[in-house]
Amino acid sequence: PISSLVESLRTILDEDSFVQQEGMLIKKDGFQDIQEGLDTIANRSKGLVNFVNAYRDYTNIPEPKKEWIKAKTLIEDVLGLIKEELKSKEVFVKTEFRPEELEILCDPDQINMILINLIKNASESMLKQADRRVIIRAISQGDLGTIIQVEDNGPGIVPEALERIFVPFYTTKKTGSGIGLAISRQIMNLHRGSLTVESEPDVRTVFTLNFR
């Protein structure tokens, strides 16, 4: 996300700035976009430093620092980080919140990492198809807790791989490390929740974060 934002800011400077005798001027909209982009980079960099320090060792994931946060805020923050990447891959994202003001007790930084990983995996799985859709749902299940689902209409996961994708260092991608989903499930375990997946090849794949 940071690399993507930097490229976007470069583009804004190229397209929305011009030189006059008294110096360089930037259009108001472009200036605001740069401000927002730099704020996001600063915030994400802090989270990244914390992540690198804490997750050097997969088995040493810290206890979540839980707080109540609106599901809409959580998911919109994630989409803001990777919107340029999704746009470049022509991935359409739909969000659903039930209820609209749903709140989740979680560690926002840790859940951000999971959602970024799941959404990026989904977008990369659909590169060879024309119709690329991701649906993100946050749903209250009453006494059963709350779920966040990330669904895509990609090629899916074959049953043999479905049983192993959460195993550390197992990957179905040529350039993957095989650690993202393993860490994601570990984070959900520390939240006293779970991370599961269902897949129907060439129809849909759904990852579900369950917060109890």
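What follows draws every value from the coordinates through simple rules; no lab data is involved. Remember, predicted model here, so these are calculated numbers, not experimental data. Cβ atoms come from the backbone with ideal geometry, glycine included; neighbour counts cover every protein chain shown.
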- [ ] Counting only C-alpha contacts under 8 Å and six or more residues apart, can you give the relative contact order of segment 62-211 as a whole percent?
- [x] 23
Task: Nitroxide proxy distance, nm - points 7 Å out along Cα→Cβ at residue 6 and residue 206 - done: 3.9
- [ ] Could you calculate the contour length gain from residue 90 to residue 39, that is, 0.36 nm times the residue separation minus the distance between their Cα atoms, to one decimal place in nm?
- [x] 15.8 nm
TODO: Could you pull out the pairs from 66/120; 66/94; 72/120 whose alpha carbons sit more than 22 Å apart here?
DONE: 66/120; 66/94
TODO: Would you calculate the volume per residue, in Å³, of the smallest convex hull containing every Cα atom of segment 62-211?
DONE: 112
Open item on the list: On a full-extension model of 0.36 nm per residue, what is the gain between residue 192 and residue 101, subtracting their alpha-carbon distance, rounded to one decimal in nm?
Closed with: 30.5 nm
Task: Footprinting exposure proxy for 14, 77, 143 (fewest neighbouring C-beta atoms within 10 Å first) - done: 143, 14, 77
Open item on the list: Tell me the Kirkwood radius of segment 67-142: reciprocal of the mean inverse pair distance over distinct alpha-carbon atoms, in Å.
Closed with: 13.1
Open item on the list: Taking 41 Å as R0, compute the FRET efficiency from the Cβ-Cβ separation of residue 144 and residue 124 and round it to 0.05.
Closed with: 0.85
